[in-house]
There are 2 protein chains.
Amino acid sequence: MSKLIVKKFGGTSVANVERIEAVADNIERTIKAGSKVAVVLSAMGKSTDDLIALSKQINPEPDLREYDALVSTGEQVSVALLAMALLKRGIKGKSYTAYQLGIRTNSSHSRARILDVDVDKITKEIEEGAVPVITGFQGMNEFGDITTLGRGGSDTTGVALAVALDADECQIFTDVDGVFTTDPRIYDKAKLLKNVSFEEMLELSSMGAKVLQLRAVEYASKFNMPIRVVSSFNEGEGTLVQEEKNIMERPIVSGISSVDTEAKLTIRGVPDIPGVAAKILGPISDAGIDVDVIVQNIGADKTTDFTFTVDKSDFSKAEKILKETSNSLGGGQVEVDDQIAKISIVGRGMRAHAGIASKMFQALAENEINILMITTSEIKISVVISKDEMKDAVRALHDAFDLDRELDT
Amino acid sequence: MSKLIVKKFGGTSVANVERIEAVADNIERTIKAGSKVAVVLSAMGKSTDDLIALSKQINPEPDLREYDALVSTGEQVSVALLAMALLKRGIKGKSYTAYQLGIRTNSSHSRARILDVDVDKITKEIEEGAVPVITGFQGMNEFGDITTLGRGGSDTTGVALAVALDADECQIFTDVDGVFTTDPRIYDKAKLLKNVSFEEMLELSSMGAKVLQLRAVEYASKFNMPIRVVSSFNEGEGTLVQEEKNIMERPIVSGISSVDTEAKLTIRGVPDIPGVAAKILGPISDAGIDVDVIVQNIGADKTTDFTFTVDKSDFSKAEKILKETSNSLGGGQVEVDDQIAKISIVGRGMRAHAGIASKMFQALAENEINILMITTSEIKISVVISKDEMKDAVRALHDAFDLDRELDT
């Protein structure tokens with residue numbers, strides 16, 4: 001029986017007519033090799049940005065229902081053009097908006113979540129040799145309004161469609177060759193990873209955000225749908241993101257991620273009473289601000305220092321809220337720092353090996369890099385350091401864990 | 001009870017954000033004056049042309065289902081932006097695609113006809129003070145595919161929506177002040193008509209095509225929906241297109257139309273046997289070519305000369321088909337002329353007055369304009385003349401029928 005592959009191409013891959021023709025060629029090759037194909041596309045190049053700029057001319061904070069109706073047109077353009085290019089090659093391309101197909105989401109306009117994908121319509125067409133070409137990044141809510149999934153949401157559409165179609169693999173085409181041990185622009189010794197587990201991919205957040213939308217990885221993990229991250233421009237097998245148990249042999253540390261887009265906020269000398277964390281983070285969360293690293297430590301005087309990081313875009317809002325919280329809690333000094341970086345080492349192999357943390361801290365110490373915060377999970381250790389030491393830290397850790405060796409897996 | 005007005009704005013009226021804001025102002029004034037409003041929009045300026053150019057880069061004759069999916073995005077952009085501009089003014093603007101609303105058409109992609117408009121959803125919203133903003137020019141067929149109505153189809157959407165909503169008036173905003181006795185660019189004595197009947201509007205085809213889509217007039221006539229043609233740029237009452245019986249007093253001739261976009265084809269010496277007209281025009285019609293004027297005359301030798309006009313864009317295709325027909329009919333010389341103009345005088349008053357035709361022919365004779373073809377209907381007399389005499393003919397007839405006098409109606 002022939003394989004069914006869902007292919008998702010991002011904005012760079014369909015930036016102009018020449019690129020769209022190249023995508024059609026790619027699909028033609030896959031079909032000639034005997035597979036069936038369904039396609040998910042983003043909008044052409046910067047067209048979504050152009051639409052957003054247009055809306056901002058009318059209102060810097062436009063109504064979100066209308067914002068979604070507006071920006072969703074970008075993908076509708078690219079899917080129709082690719083269907084034309086496929087038909088020109090004698091392949092039965094057929095464009096579908098998420099609306100036509102029935103990709104149902106909740107009603108959180110501009111950052112909706114997919115609830116359900118109705119593939120009855122296209123399943124039969126695929127069997128008959130057609131190639132459905134579907135708008136990524138969007139859906140419809142229970143009221144029949146158009147919704148969008150937020151930037152990068154096309155990855156999630158790709159995975160959700162692959163799951164609904166029970167596809168063999170979801171290929172995500174990007175402008176990089178796959179997932180690397182660290183960002184090659186930060187360290188040129190970075191190596192391409194042939195395999196990575198869903199969990200690791202989620203933890204490799206900084207690299208992940210660049211090549212794969214995290215929500216898409218969560219979705220794929222939940223339904224065990226293998227994702228292959230491949231280049232739109234270069235040949236190659238890319239990186240297969242899959243279930244841990246399918247990955248035979250692996251290194252202790254798979255990769256190193258680095259993020260310099262966060263800021264750190266600290267509230268000092270808070271009374272250490274039950275519920276104080278909720279009192280501090282509740283108002284932050286109510287304001288729609290996502291918190292990343294959280295560290296709390298109790299001092300000798302039974303008060304506690306509470307530190308967390310947020311995205312820089314939420315920094316000033318978070319600072320204002322935290323100062324109000326400080327007042328209502330009866331004092332506690334608020335300190336902030338937006339010149340930080342977060343470095344993480346990630347690897348499923350870490351669980352079975354002792355001494356990884358101390359090896360990490362020692363490598364940083366040898367390079368005179370001061371650690372401001374530490375947080376750990378089962379397969380990740382993160383440190384927050386000064387932003388201007390980020391590159392040095394990545395290189396030091398990459399060397400310390402021998403990530404530039406050739407990988408067999 | 002407050003009036004309900006459907007307002008349709010064309011591409012020029014929503015060409016940029018400033019124009020969209022002006023449209024929002026217009027709607028705000030109408031609402032403040034106590035009316036309820038529903039809106040139909042075309043795509044912004046030349047955006048539809050840009051989309052068509054993009055598709056032609058892939059295929060000069062793209063698949064029409066995909067063509068429709070592509071170009072329909074233009075209106076989706078403009079309706080979302082206008083809804084944002086209305087919301088900014090505290091007016092509950094709410095965009096709808098034809099797809100969302102349920103504007104059902106047949107399946108003739110790129111020139112579909114509206115079958116049915118489902119207004120259940122918006123009727124309640126309008127009662128509650130909302131202003132639905134609907135994509136013109138498009139619909140969906142029975143298979144759930146996106147269709148478009150052909151260029152200028154937004155007028156038809158406007159009228160169809162007005163009919164479905166049982167509106168009091170459908171206002172069509174254009175870049176001219178209304179319907180004139182003739183094209184003001186051809187004769188500067190042209191006067192604005194305050195009233196014109198549906199039938200006259202249909203016959204005033206050349207002017208009509210410039211300000212109003214003829215299919216929209218047919219639709220309005222069928223359901224007796226008054227259309228007001230008004231300027232997007234200047235104040236004024238424009239021209240009310242309505243049922244004949246509502247127009248009290250009127251001139252004999254209402255206006256003069258002129259068309260120089262047609263070509264003439266003649267087949268000579270065809271045996272005059274039953275069914276010959278069908279044999280000649282059948283293949284033309286099968287090729288999707290619309291025929292305008294048709295004249296047939298029997299000669300003394302019992303053969304017939306058969307002449308008809310087609311749009312210049314279909315000229316060479318029609319010539320080829322006619323030569324094939326000539327061969328299969330056993331001879332008959334084919335003559336063609338693409339340097340022609342068609343001039344028509346139109347007026348419901350003509351029916352009650354004798355001598356209009358001879359007055360027309362005399363005016364042309366006095367100006368030494370040779371008539372190549374004549375065709376008449378109840379409220380129109382058309383002549384085909386040489387293209388380079390078009391302007392002279394329009395002016396001569398405008399003077400002969402005193403169309404530059406002030407009109408009371």
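Just so it is clear, none of the values below were taken in a lab; they were calculated from the coordinates. Predicted, not measured: the structure shown is a model, and the values here were computed from it. Methodologically, a virtual Cβ is constructed for each residue, glycine included, from the backbone with ideal geometry; neighbour enumeration extends over all protein chains shown.
Normalised by the number of residues in segment B:4-174, the mean separation of alpha-carbon contacts (under 8 Å, six or more apart) gives a relative contact order of 30 percent. The fraction of Cα-Cα pairs per 10 angstrom bin, counted from 0 for segment B:348-409, comes to 19, 53, 25, 3 percent, rounded to whole percents.
Compute the distance from the alpha-carbon center of segment A:50-97 to that of segment A:329-377, in whole Å. Value for the Cα centre distance between the two parts: 42 Å.
Let me make sure I get this right: for segment A:169-304, a, b and c are the square roots of the gyration tensor eigenvalues over alpha carbons, sorted descending. Under 1.5 in a/c it's rounded, otherwise prolate if a/b > b/c, else oblate. Which is it?
Here segment A:169-304 falls in the prolate category.
Let's test the formula: R0 of 25 Å, r as the Cβ-Cβ distance of residue B:142 and residue A:142. What FRET efficiency results, to the nearest 0.05? Calculated value: 0.55. The same position residue A:277 in the other copies lies at 9.0 nm from this copy, comparing label points 7 Å beyond Cα toward the beta-carbon, shortest first. Considering the rotation that superimposes chain B on chain A, the residue of B whose beta-carbon lies nearest the axis, and that distance in Å, is B:73, 2. Taking other Cβ atoms within 10 Å as a rough exposure proxy, B:270, B:79, B:334 sort from fewest to most as B:334, B:270, B:79.
To the nearest ten degrees, helix B:17-32 and the longest principal axis of the Cα atoms of chain B are 70 degrees apart.
Applying 1/(1 + (r/R0)^6) with R0 = 45 Å to the Cβ-Cβ distance of residue A:166 and residue B:56, what FRET efficiency is obtained, to the nearest 0.05? Result of the calculation: an efficiency of 0.75. Take the Cα of residue B:302, step 7 Å toward its Cβ, do the same at residue B:374, and the gap between the two points is 2.8 nm. Which angle between 0 and 90 degrees, to the nearest 10, do you get for helix A:315-328 versus the longest principal axis of chain A when only C-alpha atoms count? Tilt of helix A:315-328: around 40 degrees. Residue order for A:148, B:48, fewest other beta carbons within 10 angstrom first, comes to B:48, A:148.
Between residue A:311 and residue A:246, the modelled labels are 3.0 nm apart [label points 7 Å from Cα along Cα→Cβ].
Taking only C-alpha pairs under 8 Å that are 6+ residues apart, what is the relative contact order of chain B in percent?
13 percent
For chain A, just say rounded, prolate or oblate: build the C-alpha gyration tensor, square-root its eigenvalues into a ≥ b ≥ c, call rounded for a/c under 1.5, and beyond that prolate if a/b exceeds b/c, oblate if not. Judged from the Cα gyration tensor, chain A comes out oblate (a/c at least 1.5, b/c at or above a/b). Each copy carries a label point for residue A:236 at 7 Å from Cα toward Cβ; from one copy, the others' points are 6.5 nm away, ordered from shortest. Taking a point 7 Å out from the Cα of residue B:294 in the direction of its Cβ, the residues of segment B:255-277 whose backbone N falls within less than 13 Å of it are B:275-277. Rounded to the nearest 0.05, what FRET efficiency do residue A:124 and residue A:12 give with R0 = 45 Å and r taken as the Cβ-Cβ distance? Could you check? Efficiency at R0 = 45 Å is approximately 0.90.
Look at the alpha carbon pairs under 8 Å that are at least 6 residues apart: their mean separation over the length of segment B:269-380 gives a relative contact order of 25 percent. Judged by the ratio a/c of the largest to the smallest principal axis of the C-alpha gyration tensor, segment B:4-174 counts as oblate, that ratio being 1.5 or greater while a/b is no larger than b/c. In the assembly of identical copies, residue A:392 has its label point, taken 7 Å from Cα in the direction of the beta carbon, separated from the corresponding points by 9.2 nm (ascending, one decimal). Take the Cα radius of gyration of the protein assembly as shown and divide it by 2.2 N^0.38 Å, N being the number of residues; the result is 1.22.
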